[in-house]
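See below for the structure under consideration.
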Amino acid sequence: QVQVVESGGGSVQAGGALRLSCAASGDIYRNSYVNYCMGWFRQAPGQEREGVAAVSTGGSPAYYADSVKGRFIISRDNTKKTLYLQMNSLKPEDTAMYYCAVAPRGRACAGIWADSNNFAYWGQGTQVTVSS
C-alpha cells in the first residue's frame, strides 16, 4: 500500500510560480530495487483528468504534457520521500485541482504516465488557481 498527500497549492496571478509537494509513505521507497512511476495530474471543472508530468522513483527520464513543457519541472527527493512539481510562468488555463498519483510497483512510466487509469494510489488533491 502507498499513501500520498499533496500540498503547496494556492492562488497566484498569471506569470507567477508555485511548487507542489507530494509526500509518499508505505511500500514506496521501501526497496530501492523496486521503482514506482509517480505522476501529477490535474482536473479542471467539467474536464477530464489529464496527465501533467511523471517520473520514476528510480530516476530519469521525466515526462511532460505538451501544455506544460518548458514551464513545469518535476523532481523527486527519495531521501525525503517527496515528489515536487515546480510550476513557473503560470497561466489561467493551468487552474485546476492537482493530484499526485503512484502507479503499481514495478511499472515504468514510459507508455503509461499520461493515463490516470494506470495509477493505483491517489492523493486528495490541492487546488491551483491562476488569475489573469
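Just checking, does segment 111-125 include any residue being part of a loop (DSSP other than H, G, I, E, B) and either without any contact (Cβ under 8 Å) to a residue 40 or more places away in the chain or over 23 Å from S25 (Cα atoms) (or both)?
Yes.
Of the conditions (1) within 30 Å of Q13 (Cβ to Cβ); (2) out of contact with any Pro (no Cβ under 9 Å at 6 or more places or on another chain), R105 clears all except one; give me its number.
(1)
Please return the ranges of strands (runs of 3 or more DSSP E) entirely within segment 1-44 where 1 or more residues are within 24 Å of G111 (Cβ to Cβ) and of a type in the set (A, V, I, L, M).
Answer list for segment 1-44: 2-7, 18-26, 37-43.
Somewhere in segment 67-83, is a residue crowded, with 18+ Cβ neighbours inside 10 Å, outside any strand (DSSP E or B) and on the phi < 0 side of the Ramachandran plot?
yes
Within the bounds of segment 96-113, is there any residue that is open to solvent by 10 Å² or more (accessible area, probe 1.4 Å), touching a helix residue (DSSP H, G or I) at 6+ places or on another chain (Cβ under 6 Å) and not small (G, A, S)?
Yes, segment 96-113 contains at least one residue that is open to solvent by 10 Å² or more (accessible area, probe 1.4 Å), touching a helix residue (DSSP H, G or I) at 6+ places or on another chain (Cβ under 6 Å) and not small (G, A, S).
Are there any pairs, at least 6 apart or on different chains, whose C-beta atoms fall under 6 Å, with the first in segment 57-73 and over 17 Å from N88 (Cα atoms) and the second not in a strand (DSSP E or B), and if so, which?
T57/N35; T57/Y36; G58/N35
The values are calculated or read from the model by the stated rules, or taken from the named source; none is laboratory data. For clarity, every value in this text was computed on a predicted model and none was experimentally measured. With ideal geometry, Cβ positions are generated from the backbone for all residues, glycine too; neighbour counts draw on all protein chains shown. Side chains included, ligands, DNA and RNA excluded: accessible areas come from the protein's heavy atoms. Shrake-Rupley method; radii C 1.70, N 1.55, O 1.52, S 1.80 Å.
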